[in-house]
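Accompanying notes for the structure given below.
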Amino acid sequence: MRIHDVQNRLADLGAKPMHIGRVSRAWLRGLPLDTGTRHQQTENFLPLTVREGLPELAHTLEGLARLKSEHPAADGSARLLVELADGQMVESVLLPRDGLCVSTQVGCAVGCVFCMTGKSGLLRQVGSAEIVAQVALARRFRPVKKVVFMGMGEPAHNLDNVLEAIDLLGTDGGIGHKNLVFSTVGDMRVFERLPQQTVRPALALSLHTTRADLRQQLLPKAPRIDPEELVELGEAYARQIGYPIQYQWTLLAGINDNQDELEGILRLLKGKYAVMNMIPYNSLDDDDYQRPNGDCIVEIVRYLHSRGVLTKVRNSAGQDIEGGCGQLRARAVQPLDSKRLIKRVR
Ligand code: SF4
């Protein structure tokens, strides 16, 4: 379901744009749809036909994203397994400091070799109303002041829905544009469309390596954009919106934690309007990939930071509970998907 479907339902009930805005703001705050303001009761504002139609609409909107299970972690985050109206499941993550990570697709077609979500392939797009419904759901638990589009899926592969969601969250949702973070492996459509948006979000680019050949192996279905070009495109966008690009680097022991890569990062990012986020891989015992040891991670950060690239370590939220993104869903749907998963893992 898309946001304009919700708006059309309200218009069919007789709502004018100002009425739609009021209902939409209540929805996005996780409140009952007929919530009034401090100065005006709903019955003095919304037409009767709209008020009478709200219970049915509320039922539909609640069905867009239902909490299936919650998995709190020691770091203050909590992974939410969320069921969509058709029974498909995605994950949202309540992050420390009022953040929320949302999913934009069920599964993902990019197929990053270190990602559980990528193993299932793309099952379906998540509609713009389903994306913002994840925010409305999360706000019933906690305040949400920042939304990162880093959950299941590649936002660039569902661009219209994601941009619609960003637009609504940045207006009726009350979230500042710098606190809406569009995360992508890099796609030319993103660099064309984002600068044209009314709400221009912050951008996170998943780099993972400075070598084009290795990137192709690690992110097999990502668009073929060389790391140099990706950084140039990112830099142009960062200067346009006056906000740095966050580069994401999943640290994989023996793969992209070597000296050549560090020199490559310095070559690409020194002097750029950028922050490098090192995300040590969240390995399971029998994984093909492993997390570098703690000393190695500290040394990498110190090396880059001391040479002029602002570098931070970001642990994947809630890693003490169910591993990385996509693992909750994979576990929940295992009886259904197990054959396909096993085939793809091999
Ligand atoms: S890391 Fe992101 S882009 Fe890559 S397969 Fe997983 S969900 Fe898709």
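Return the Rg/Rh ratio of the chain with Cα-based radii and a Kirkwood Rh.
On the way: Rg = 20.8 Å, Rh = 21.0 Å.
With Rh from the inverse mean 1/r over Cα pairs, Rg/Rh is 0.99.
When every alpha-carbon pair in region 109-226 is counted, what percent end up more than 22 Å apart?
Values: 2445 of 6903 pairs.
In whole percent, the long-distance tail amounts to 35.
Would you please classify the overall shape of region 166-256 from the alpha carbon gyration tensor, given that a ≥ b ≥ c denote the square roots of the eigenvalues, rounded means a/c under 1.5, and beyond that prolate means a/b larger than b/c while oblate covers the rest? Intermediate results must be reported in sequence, preceding the final value.
Details: a/c = 2.36, a/b = 1.97, b/c = 1.19.
Since a/c reaches 1.5 and a/b is larger than b/c, the shape of region 166-256 is classed as prolate.
Based solely on its DSSP helices, what 222 nm [θ] is calculated for the chain when runs of n ≥ 4 H residues each add -39,500 (n - 2.57) and the sum is averaged over all residues, nearest 500 deg cm²/dmol?
On the way: 14 runs with 139 residues, N = 346.
Estimated from H runs of four or more residues: -12000 deg cm²/dmol.
Starting from the Cα of Lys68, draw a straight line to each of the lysines and keep only those under 26 Å, dropping any in the same chain fewer than 8 residues away.
Leaving aside lysines fewer than 8 places away in the same chain, those within reach of Lys68 are Lys119, Lys145, Lys146, Lys339.
Would you grab the residues whose amide H sits under 5 Å from the one on Met150? Only those 5+ places off in sequence or on another chain, please, with H modelled 1.01 Å from N.
Excluding prolines and chain starts, which carry no amide H, the hits are Val102.
Quick one: Debye curve from the alpha-carbon atoms of region 1-132 only, equal weights, vacuum; give me log10 I(q)/I(0) at q = 0.09 Å⁻¹ to two decimals.
Result of the Debye calculation: -0.34.
When only alpha-carbon atoms count, how far does region 63-103 stretch along each of its three principal axes, as whole angstroms with the largest first?
Principal-axis extents of the Cα atoms in region 63-103, largest first: 32, 15, 12 Å.
Picking from Val275, Val309, Val298, which is most flexible by a Gaussian network model of the chain using Cα springs under 10 Å?
Checking each option, the largest mean-square fluctuation is seen for Val298.
Highest GNM mean-square fluctuation, the chain, Cα pairs closer than 10 Å: which of Ala165, Ala74, Ala274?
Greatest mean-square fluctuation among the candidates belongs to Ala74.
Between Arg38, Arg97, Arg79, where does the largest GNM mean-square fluctuation fall for the chain, given springs only between Cα atoms within less than 10 Å?
Arg38
Taken together, the values in this text are just the output of simple stated rules run on the coordinates, not laboratory data. The shown structure was predicted, so the numbers you read here are calculated from the model rather than taken from an experiment.
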